[in-house]
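*Asks:* The structure follows.
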Amino acid sequence: MKIIVTGGAGFIGANYIFYHLSEHPEDVVICLDKLTYAGNLHTLAPVMERDNFRFVKADICDREAVTGLFEAERPDIVLNFAAESHVDRSIDDPSVFLQTNIIGTAVLMDACRRFGNVRFHQVSTDEVYGDLPLDKPEMMFTEHSPIHCSSPYSSSKASADLLVQAYHRTYGLPVTISRCSNNYGPYQFPEKLIPLMIANALNDKPLPVYGAGLNVRDWLYVEDHCRAIDLIARQGRIGEIYNIGGHNEMRNIDIVKQIVSELGKSEELITFVTDRKGHDLRYAIDPTKISQELGWLPKTMFKDGIQKTIRWYLEHRSWWEDIISGAYRVDQPIG
Ligand code: NAD
Ligand code: TDX
(Lines give C-alpha, C1' and ligand atoms only; values in the text may rest on other atoms or scores of the structure.)
(Ligands and ions follow the chains in the order given, each with its own letter.)
Protein backbone atom coordinates (compact mmCIF):
# COMPACT_ATOMS: atom_id res chain seq x y z
CA MET A 1 0.00 0.00 0.00
CA LYS A 2 1.02 3.57 -0.58
CA ILE A 3 0.19 6.04 2.17
CA ILE A 4 0.40 9.83 2.32
CA VAL A 5 0.97 11.09 5.85
CA THR A 6 0.50 14.85 6.14
CA GLY A 7 2.16 16.69 9.02
CA GLY A 8 4.69 13.89 9.44
CA ALA A 9 7.50 16.23 10.51
CA GLY A 10 5.53 17.10 13.65
CA PHE A 11 5.11 15.22 16.91
CA ILE A 12 2.38 12.62 16.32
CA GLY A 13 2.88 12.37 12.54
CA ALA A 14 6.57 11.51 12.93
CA ASN A 15 5.84 8.95 15.64
CA TYR A 16 3.19 7.54 13.30
CA ILE A 17 5.67 7.23 10.41
CA PHE A 18 8.12 5.32 12.64
CA TYR A 19 5.31 3.06 13.84
CA HIS A 20 3.95 2.44 10.36
CA LEU A 21 7.29 1.66 8.74
CA SER A 22 8.11 -0.76 11.52
CA GLU A 23 4.69 -2.48 11.51
CA HIS A 24 4.21 -2.50 7.71
CA PRO A 25 7.67 -2.50 6.13
CA GLU A 26 6.13 -3.47 2.78
CA ASP A 27 4.21 -0.16 2.50
CA VAL A 28 5.44 3.05 0.89
CA VAL A 29 5.04 6.13 3.08
CA ILE A 30 5.12 9.65 1.68
CA CYS A 31 5.29 12.51 4.16
CA LEU A 32 3.78 15.81 3.01
CA ASP A 33 4.67 18.65 5.37
CA LYS A 34 4.98 22.42 5.09
CA LEU A 35 7.69 22.57 7.77
CA THR A 36 6.07 25.31 9.79
CA TYR A 37 7.71 26.21 13.11
CA ALA A 38 6.32 22.86 14.43
CA GLY A 39 7.85 20.74 11.68
CA ASN A 40 11.39 19.46 12.12
CA LEU A 41 13.21 17.48 9.46
CA HIS A 42 15.80 16.28 12.00
CA THR A 43 13.04 14.24 13.58
CA LEU A 44 12.67 12.21 10.38
CA ALA A 45 16.41 11.52 10.03
CA PRO A 46 16.05 7.85 11.09
CA VAL A 47 13.81 7.08 8.05
CA MET A 48 15.00 9.63 5.48
CA GLU A 49 17.25 7.22 3.59
CA ARG A 50 14.76 4.35 3.41
CA ASP A 51 13.72 3.23 -0.09
CA ASN A 52 10.06 3.11 0.89
CA PHE A 53 9.96 6.61 2.42
CA ARG A 54 9.81 10.01 0.72
CA PHE A 55 9.53 13.53 2.11
CA VAL A 56 7.75 16.27 0.16
CA LYS A 57 7.72 19.84 1.41
CA ALA A 58 4.33 21.36 0.58
CA ASP A 59 1.38 23.17 2.11
CA ILE A 60 -1.86 21.15 2.31
CA CYS A 61 -3.67 24.35 1.30
CA ASP A 62 -1.70 24.51 -1.97
CA ARG A 63 -4.14 22.87 -4.37
CA GLU A 64 -1.68 22.67 -7.24
CA ALA A 65 1.04 21.03 -5.14
CA VAL A 66 -1.39 18.59 -3.53
CA THR A 67 -2.97 17.65 -6.86
CA GLY A 68 0.46 17.17 -8.44
CA LEU A 69 1.55 14.89 -5.62
CA PHE A 70 -1.61 12.76 -5.83
CA GLU A 71 -1.28 12.53 -9.61
CA ALA A 72 2.33 11.37 -9.33
CA GLU A 73 1.92 9.01 -6.39
CA ARG A 74 -1.67 7.69 -6.57
CA PRO A 75 -1.94 6.88 -2.84
CA ASP A 76 -4.21 4.18 -1.39
CA ILE A 77 -4.78 6.01 1.92
CA VAL A 78 -4.30 9.55 3.18
CA LEU A 79 -3.80 10.21 6.89
CA ASN A 80 -4.19 13.89 7.76
CA PHE A 81 -2.12 14.88 10.79
CA ALA A 82 -1.17 18.31 9.40
CA ALA A 83 -2.57 21.08 11.52
CA GLU A 84 -1.83 24.11 13.58
CA SER A 85 -2.09 22.38 16.95
CA HIS A 86 -1.32 24.76 19.81
CA VAL A 87 -4.32 26.26 21.62
CA ASP A 88 -2.41 29.29 22.96
CA ARG A 89 -1.24 30.26 19.47
CA SER A 90 -4.84 29.99 18.20
CA ILE A 91 -5.92 32.45 20.90
CA ASP A 92 -3.18 34.89 19.80
CA ASP A 93 -4.07 34.60 16.09
CA PRO A 94 -6.76 32.25 14.75
CA SER A 95 -6.23 32.98 11.03
CA VAL A 96 -3.66 30.33 10.13
CA PHE A 97 -5.68 27.74 12.10
CA LEU A 98 -8.69 28.38 9.88
CA GLN A 99 -6.58 28.18 6.76
CA THR A 100 -4.62 24.99 7.50
CA ASN A 101 -7.08 23.08 9.64
CA ILE A 102 -10.21 23.75 7.58
CA ILE A 103 -9.21 24.72 4.03
CA GLY A 104 -6.24 22.34 4.00
CA THR A 105 -8.48 19.42 4.93
CA ALA A 106 -10.89 20.28 2.11
CA VAL A 107 -8.05 20.53 -0.42
CA LEU A 108 -6.79 17.07 0.57
CA MET A 109 -10.26 15.56 0.32
CA ASP A 110 -10.80 17.15 -3.12
CA ALA A 111 -7.62 15.41 -4.27
CA CYS A 112 -8.87 12.13 -2.73
CA ARG A 113 -12.10 12.46 -4.74
CA ARG A 114 -10.28 13.32 -7.95
CA PHE A 115 -7.84 10.41 -7.87
CA GLY A 116 -10.12 7.43 -7.28
CA ASN A 117 -12.03 8.14 -4.08
CA VAL A 118 -8.99 7.53 -1.89
CA ARG A 119 -9.61 6.47 1.71
CA PHE A 120 -9.12 9.51 3.98
CA HIS A 121 -8.49 9.51 7.72
CA GLN A 122 -8.83 12.75 9.67
CA VAL A 123 -6.80 12.98 12.89
CA SER A 124 -9.06 15.07 15.08
CA THR A 125 -9.15 15.83 18.79
CA ASP A 126 -11.29 15.41 21.90
CA GLU A 127 -11.23 19.21 22.20
CA VAL A 128 -14.09 19.40 19.67
CA TYR A 129 -16.40 18.27 22.52
CA GLY A 130 -15.48 21.26 24.68
CA ASP A 131 -14.99 20.46 28.35
CA LEU A 132 -16.56 18.51 31.21
CA PRO A 133 -17.19 19.69 34.77
CA LEU A 134 -14.55 18.89 37.38
CA ASP A 135 -17.11 17.61 39.89
CA LYS A 136 -18.79 14.97 37.70
CA PRO A 137 -16.12 12.27 37.24
CA GLU A 138 -18.67 9.85 35.79
CA MET A 139 -19.13 12.08 32.69
CA MET A 140 -16.99 11.23 29.64
CA PHE A 141 -16.98 12.14 25.96
CA THR A 142 -18.58 9.54 23.70
CA GLU A 143 -18.81 9.78 19.92
CA HIS A 144 -22.34 11.14 20.46
CA SER A 145 -21.34 14.00 22.74
CA PRO A 146 -22.27 17.36 21.21
CA ILE A 147 -19.64 19.46 19.46
CA HIS A 148 -19.09 22.39 21.80
CA CYS A 149 -15.78 24.10 21.17
CA SER A 150 -13.93 26.58 23.36
CA SER A 151 -10.90 27.81 21.39
CA PRO A 152 -10.26 28.88 17.80
CA TYR A 153 -8.09 25.73 17.57
CA SER A 154 -10.83 23.35 18.62
CA SER A 155 -13.46 25.07 16.50
CA SER A 156 -11.20 24.85 13.44
CA LYS A 157 -10.74 21.11 14.09
CA ALA A 158 -14.50 20.68 14.58
CA SER A 159 -15.16 22.56 11.32
CA ALA A 160 -12.84 20.15 9.54
CA ASP A 161 -14.67 17.18 11.07
CA LEU A 162 -17.97 18.52 9.78
CA LEU A 163 -16.49 18.89 6.30
CA VAL A 164 -15.14 15.33 6.43
CA GLN A 165 -18.60 14.04 7.31
CA ALA A 166 -20.13 16.16 4.54
CA TYR A 167 -17.70 14.78 1.94
CA HIS A 168 -18.73 11.29 2.99
CA ARG A 169 -22.45 11.97 2.83
CA THR A 170 -22.41 14.11 -0.32
CA TYR A 171 -19.67 12.54 -2.42
CA GLY A 172 -19.36 9.08 -0.86
CA LEU A 173 -15.71 9.70 0.07
CA PRO A 174 -14.52 6.80 2.26
CA VAL A 175 -13.59 8.62 5.44
CA THR A 176 -12.93 7.96 9.10
CA ILE A 177 -12.31 10.40 11.96
CA SER A 178 -10.46 9.81 15.23
CA ARG A 179 -10.75 12.08 18.26
CA CYS A 180 -7.92 11.52 20.69
CA SER A 181 -7.07 12.92 24.09
CA ASN A 182 -3.77 14.64 25.01
CA ASN A 183 -0.68 12.83 23.73
CA TYR A 184 2.79 12.80 25.23
CA GLY A 185 6.05 11.11 24.28
CA PRO A 186 9.23 11.65 22.22
CA TYR A 187 9.53 14.53 19.71
CA GLN A 188 6.77 16.72 21.17
CA PHE A 189 7.46 20.40 20.55
CA PRO A 190 8.53 22.10 23.78
CA GLU A 191 5.61 24.53 23.84
CA LYS A 192 3.18 21.84 25.05
CA LEU A 193 2.79 21.17 28.78
CA ILE A 194 4.93 18.05 29.32
CA PRO A 195 7.99 18.83 27.14
CA LEU A 196 7.91 22.49 28.20
CA MET A 197 8.02 21.52 31.87
CA ILE A 198 10.80 18.96 31.29
CA ALA A 199 12.93 21.44 29.32
CA ASN A 200 12.37 24.31 31.76
CA ALA A 201 13.03 22.13 34.80
CA LEU A 202 16.28 20.85 33.26
CA ASN A 203 17.30 24.47 32.65
CA ASP A 204 16.19 25.51 36.16
CA LYS A 205 13.70 27.94 34.62
CA PRO A 206 10.23 28.75 36.06
CA LEU A 207 7.45 26.22 35.34
CA PRO A 208 4.42 28.30 34.28
CA VAL A 209 1.22 26.62 35.49
CA TYR A 210 -1.97 28.28 34.23
CA GLY A 211 -4.49 29.31 36.91
CA ALA A 212 -4.38 26.96 39.90
CA GLY A 213 -3.24 23.96 37.83
CA LEU A 214 -6.48 22.08 38.55
CA ASN A 215 -7.51 21.50 34.92
CA VAL A 216 -7.66 17.83 34.01
CA ARG A 217 -6.45 16.14 30.83
CA ASP A 218 -6.68 12.46 29.79
CA TRP A 219 -3.09 11.56 28.80
CA LEU A 220 -2.17 8.91 26.22
CA TYR A 221 1.29 7.74 25.20
CA VAL A 222 1.78 8.69 21.54
CA GLU A 223 2.50 5.16 20.30
CA ASP A 224 -0.90 4.01 21.57
CA HIS A 225 -2.49 6.78 19.50
CA CYS A 226 -0.49 5.68 16.43
CA ARG A 227 -1.62 2.08 16.83
CA ALA A 228 -5.24 3.22 17.07
CA ILE A 229 -4.98 5.31 13.89
CA ASP A 230 -3.42 2.43 11.98
CA LEU A 231 -6.28 0.15 13.08
CA ILE A 232 -8.98 2.67 12.19
CA ALA A 233 -7.48 3.48 8.78
CA ARG A 234 -7.36 -0.23 7.87
CA GLN A 235 -10.31 -1.76 9.70
CA GLY A 236 -12.50 1.10 10.93
CA ARG A 237 -16.01 1.39 9.52
CA ILE A 238 -16.30 3.98 6.75
CA GLY A 239 -18.06 7.17 7.80
CA GLU A 240 -17.46 6.52 11.50
CA ILE A 241 -15.90 8.54 14.32
CA TYR A 242 -13.72 6.77 16.91
CA ASN A 243 -12.74 8.30 20.26
CA ILE A 244 -9.27 7.36 21.53
CA GLY A 245 -8.22 7.75 25.16
CA GLY A 246 -6.54 5.92 27.96
CA HIS A 247 -8.69 6.48 31.07
CA ASN A 248 -5.76 8.39 32.47
CA GLU A 249 -7.03 11.67 33.85
CA MET A 250 -4.59 13.88 35.68
CA ARG A 251 -4.53 17.43 37.00
CA ASN A 252 -1.88 19.66 35.42
CA ILE A 253 -0.32 20.49 38.77
CA ASP A 254 0.15 16.81 39.61
CA ILE A 255 1.91 16.20 36.29
CA VAL A 256 4.23 19.14 36.84
CA LYS A 257 5.03 17.97 40.38
CA GLN A 258 5.77 14.47 39.11
CA ILE A 259 8.19 15.83 36.48
CA VAL A 260 9.90 18.00 39.10
CA SER A 261 10.27 15.01 41.39
CA GLU A 262 11.53 12.62 38.64
CA LEU A 263 14.18 15.19 37.70
CA GLY A 264 15.19 15.82 41.32
CA LYS A 265 14.36 19.54 41.03
CA SER A 266 12.67 21.90 43.51
CA GLU A 267 8.92 22.61 43.50
CA GLU A 268 9.92 26.24 44.01
CA LEU A 269 10.34 26.37 40.22
CA ILE A 270 6.53 26.08 39.89
CA THR A 271 5.05 29.49 39.08
CA PHE A 272 1.30 30.05 38.88
CA VAL A 273 0.54 32.40 35.95
CA THR A 274 -2.54 34.02 34.40
CA ASP A 275 -5.00 31.42 33.19
CA ARG A 276 -5.55 30.61 29.50
CA LYS A 277 -8.62 32.41 28.07
CA GLY A 278 -11.58 30.01 27.79
CA HIS A 279 -9.47 27.29 29.46
CA ASP A 280 -11.20 23.90 29.21
CA LEU A 281 -11.64 22.37 32.67
CA ARG A 282 -11.56 18.66 32.02
CA TYR A 283 -11.33 16.19 29.14
CA ALA A 284 -12.18 12.50 29.55
CA ILE A 285 -12.64 10.01 26.73
CA ASP A 286 -14.87 6.96 26.69
CA PRO A 287 -12.98 4.57 24.36
CA THR A 288 -15.62 1.78 24.45
CA LYS A 289 -16.32 1.92 20.70
CA ILE A 290 -12.74 1.47 19.51
CA SER A 291 -12.09 -1.17 22.18
CA GLN A 292 -15.15 -3.23 21.26
CA GLU A 293 -15.00 -2.83 17.47
CA LEU A 294 -11.25 -2.90 16.87
CA GLY A 295 -9.87 -4.47 20.04
CA TRP A 296 -7.77 -1.40 20.82
CA LEU A 297 -6.55 -0.80 24.36
CA PRO A 298 -3.69 1.42 25.51
CA LYS A 299 -0.49 -0.51 26.22
CA THR A 300 1.62 2.10 28.01
CA MET A 301 0.51 3.19 31.48
CA PHE A 302 1.25 6.78 32.46
CA LYS A 303 3.74 5.85 35.18
CA ASP A 304 5.88 4.05 32.57
CA GLY A 305 5.19 6.45 29.71
CA ILE A 306 6.20 9.55 31.62
CA GLN A 307 9.48 7.92 32.70
CA LYS A 308 10.22 6.85 29.11
CA THR A 309 9.41 10.37 27.94
CA ILE A 310 11.60 12.08 30.52
CA ARG A 311 14.45 9.69 29.70
CA TRP A 312 14.02 10.48 25.99
CA TYR A 313 14.29 14.24 26.62
CA LEU A 314 17.36 13.66 28.80
CA GLU A 315 19.02 11.54 26.09
CA HIS A 316 18.05 13.85 23.20
CA ARG A 317 18.95 17.23 24.62
CA SER A 318 20.20 18.59 21.30
CA TRP A 319 16.82 17.87 19.66
CA TRP A 320 14.93 20.24 21.97
CA GLU A 321 17.79 22.64 22.69
CA ASP A 322 18.06 23.31 18.95
CA ILE A 323 14.36 24.14 18.93
CA ILE A 324 14.67 26.51 21.87
CA SER A 325 17.70 28.25 20.31
CA GLY A 326 16.10 28.28 16.84
CA ALA A 327 19.05 26.37 15.35
CA TYR A 328 16.69 23.71 13.95
CA ARG A 329 15.44 26.21 11.37
CA VAL A 330 18.86 27.00 9.96
CA ASP A 331 19.22 24.01 7.65
CA GLN A 332 15.61 23.58 6.66
CA PRO A 333 13.54 25.87 4.47
CA ILE A 334 10.99 27.81 6.51
CA GLY A 335 7.37 26.90 5.76
P1 NAD B 1 2.44 19.41 15.65
O2 NAD B 1 2.12 20.86 15.81
O3 NAD B 1 3.55 18.84 16.47
O4 NAD B 1 2.77 19.09 14.12
C5 NAD B 1 2.01 19.58 13.07
C6 NAD B 1 2.75 19.28 11.76
O7 NAD B 1 1.91 19.74 10.68
C8 NAD B 1 4.09 19.99 11.62
O9 NAD B 1 5.06 19.13 11.08
C10 NAD B 1 3.80 21.13 10.65
O11 NAD B 1 4.94 21.52 9.87
C12 NAD B 1 2.71 20.50 9.78
N13 NAD B 1 1.85 21.52 9.13
C14 NAD B 1 1.25 22.57 9.73
N15 NAD B 1 0.56 23.29 8.81
C16 NAD B 1 0.73 22.65 7.62
C17 NAD B 1 0.26 22.89 6.31
N18 NAD B 1 -0.51 23.95 6.03
N19 NAD B 1 0.61 22.03 5.33
C20 NAD B 1 1.41 20.95 5.58
N21 NAD B 1 1.90 20.69 6.81
C22 NAD B 1 1.56 21.52 7.83
O23 NAD B 1 1.07 18.66 15.93
P24 NAD B 1 0.80 17.26 16.68
O25 NAD B 1 0.74 17.49 18.13
O26 NAD B 1 1.70 16.26 16.11
O27 NAD B 1 -0.70 16.97 16.19
C28 NAD B 1 -0.93 16.25 14.99
C29 NAD B 1 -2.43 16.13 14.77
O30 NAD B 1 -3.02 15.46 15.89
C31 NAD B 1 -3.13 17.48 14.67
O32 NAD B 1 -4.12 17.39 13.67
C33 NAD B 1 -3.77 17.68 16.04
O34 NAD B 1 -4.93 18.45 15.93
C35 NAD B 1 -4.08 16.25 16.43
N36 NAD B 1 -4.11 15.95 17.87
C37 NAD B 1 -3.05 16.27 18.66
C38 NAD B 1 -3.08 15.90 20.01
C39 NAD B 1 -1.92 16.23 20.92
O40 NAD B 1 -2.01 15.98 22.12
N41 NAD B 1 -0.81 16.75 20.44
C42 NAD B 1 -4.17 15.23 20.53
C43 NAD B 1 -5.24 14.91 19.68
C44 NAD B 1 -5.20 15.26 18.35
O1 TDX C 1 2.77 26.44 29.96
C2 TDX C 1 1.71 25.80 30.10
N3 TDX C 1 1.11 25.76 31.33
C4 TDX C 1 -0.06 25.10 31.58
O5 TDX C 1 -0.58 25.10 32.70
C6 TDX C 1 1.07 25.10 29.02
C7 TDX C 1 1.70 25.12 27.64
C8 TDX C 1 -0.10 24.44 29.27
N9 TDX C 1 -0.68 24.44 30.50
C10 TDX C 1 -1.94 23.72 30.72
C11 TDX C 1 -3.04 24.02 29.72
C12 TDX C 1 -3.77 22.72 29.63
O13 TDX C 1 -4.73 22.61 30.67
O14 TDX C 1 -1.64 22.33 30.54
C15 TDX C 1 -2.71 21.65 29.86
C16 TDX C 1 -2.16 21.06 28.58
O17 TDX C 1 -1.84 22.13 27.71
P18 TDX C 1 -1.26 21.89 26.23
O19 TDX C 1 -0.06 21.03 26.32
O20 TDX C 1 -1.15 23.21 25.57
O21 TDX C 1 -2.41 20.98 25.59
P22 TDX C 1 -3.99 21.22 25.40
O23 TDX C 1 -4.32 22.65 25.38
O24 TDX C 1 -4.70 20.35 26.41
O25 TDX C 1 -4.18 20.63 23.91
C26 TDX C 1 -3.49 19.43 23.52
O27 TDX C 1 -4.35 18.31 23.53
C28 TDX C 1 -5.34 18.22 22.54
C29 TDX C 1 -2.85 19.59 22.14
O30 TDX C 1 -2.02 20.73 22.11
C31 TDX C 1 -3.91 19.67 21.06
O32 TDX C 1 -3.29 19.74 19.78
C33 TDX C 1 -4.78 18.45 21.15
O34 TDX C 1 -5.83 18.52 20.23
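*Asks:* How much accessible area does D224 have with a 1.4 Å probe, in Å² rounded to the nearest 10?
*Replies:* The value for D224 is about 0 Å².
*Asks:* So what is the relative contact order of the chain, in percent, for Cα pairs below 8 Å that sit 6 or more residues apart?
*Replies:* After rounding, I find 19 percent.
*Asks:* Something else now. When only the heavy atoms of the protein chains count and the probe is 1.4 Å, how do Y171, Y153, Y210 rank by accessible area, highest first?
*Replies:* In descending accessible area the options line up as Y171, Y210, Y153.
*Asks:* Which residue fluctuates most in the GNM of the chain (Cα springs below 10 Å): P195, P287, P146?
*Replies:* Its mean-square fluctuation being the largest, the pick is P146.
*Asks:* Please enumerate, by chain and number, the lysines with C-alpha under 20 Å from the C-alpha of K303, excluding those fewer than 8 residues away in the same chain.
*Replies:* K192, K257, K265
*Asks:* Across the Cα atoms of segment 273-335, what radius of gyration and what greatest pairwise Cα-Cα distance (Dmax) are found, in Å?
*Replies:* In order Rg, Dmax, the Cα atoms of segment 273-335 give 18.5, 47 Å.
*Asks:* Let me ask another. For segment 219-306, which trypsin sites (Lys or Arg not before Pro) are both in a DSSP coil and crowded by at most 15 other Cβ atoms within 10 Å?
*Replies:* Of the trypsin sites (Lys or Arg not before Pro), the ones in loops of segment 219-306 whose Cβ has at most 15 other Cβ atoms within 10 Å are R237, R276, K277, K299.
*Asks:* Using +1 at the C-beta of Lys and Arg and -1 at the C-beta of Asp and Glu, which of L263, G246, S291 has the Cα lying farthest in the positive direction of the dipole of segment 230-300?
*Replies:* Farthest along the dipole direction, towards plus: S291.
*Asks:* Please list D218, D92, D286 from largest to smallest accessible area, probe radius 1.4 Å, with all protein chains kept in place.
*Replies:* Ranked from most to least accessible, the order is D92, D286, D218.
*Asks:* A further question on this structure: Once the convex hull of the alpha carbons of segment 216-313 is built, what does its volume come to per residue, in cubic angstrom?
*Replies:* Convex hull of Cα atoms, per residue: 120 Å³.
*Asks:* Report the antiparallel proportion of the DSSP beta bridges in the chain as a percent, rounded to a multiple of 5.
*Replies:* 10
*Asks:* Same structure again: Taking a temperature of 37 °C and a viscosity of 0.692 mPa s, what whole-number D in µm²/s does Stokes-Einstein yield for segment 124-170 with Rh from Kirkwood over alpha carbon pairs?
*Replies:* D, rounded to a whole number, is 285 µm²/s.
*Asks:* Give or take rounding to whole Å, what are the principal axis extents of the alpha carbon atoms in segment 1-140, in descending order?
*Replies:* Cα spread of segment 1-140 along its principal axes, largest to smallest: 52, 31, 29 Å.
*Asks:* Shape verdict for segment 72-164, please, from the Cα gyration tensor: rounded (a/c under 1.5), prolate (a/b greater than b/c) or oblate.
*Replies:* Oblate, because a/c is 1.5 or more while a/b does not exceed b/c.
*Asks:* Ranked by accessible surface with a 1.4 Å probe, highest first, in what order do W319, W296 come?
*Replies:* The residues order as W319, W296, largest area first.
*Asks:* In vacuum, with every alpha carbon of the chain counted as one equal point scatterer, what does the Debye formula give for log10 I(q)/I(0) at q = 0.09, 0.10 Å⁻¹? Two decimals, please.
*Replies:* Result of the Debye calculation: -0.45, -0.56.
*Asks:* Sort out for me the Cα centre separation of segment 120-193 from segment 2-62, rounded to whole Å.
*Replies:* Cα centres, segment 120-193 to segment 2-62: 22 Å.
*Asks:* Okay, next question. Rounded, prolate or oblate: which fits segment 33-108, taking a ≥ b ≥ c as square roots of the Cα gyration tensor eigenvalues, rounded meaning a/c under 1.5, else prolate when a/b beats b/c?
*Replies:* oblate
The values are calculated or read from the model by the stated rules, or taken from the named source; none is laboratory data. Worth saying up front: this structure is predicted, and the values here are computed from it rather than measured. Counting neighbours? That spans all protein chains shown, and the Cβs are built from the backbone with ideal geometry, glycine included. To get the accessible areas, we keep the full protein, side chains included, count just its heavy atoms, and leave off ligands, DNA and RNA. Shrake-Rupley method; radii C 1.70, N 1.55, O 1.52, S 1.80 Å.
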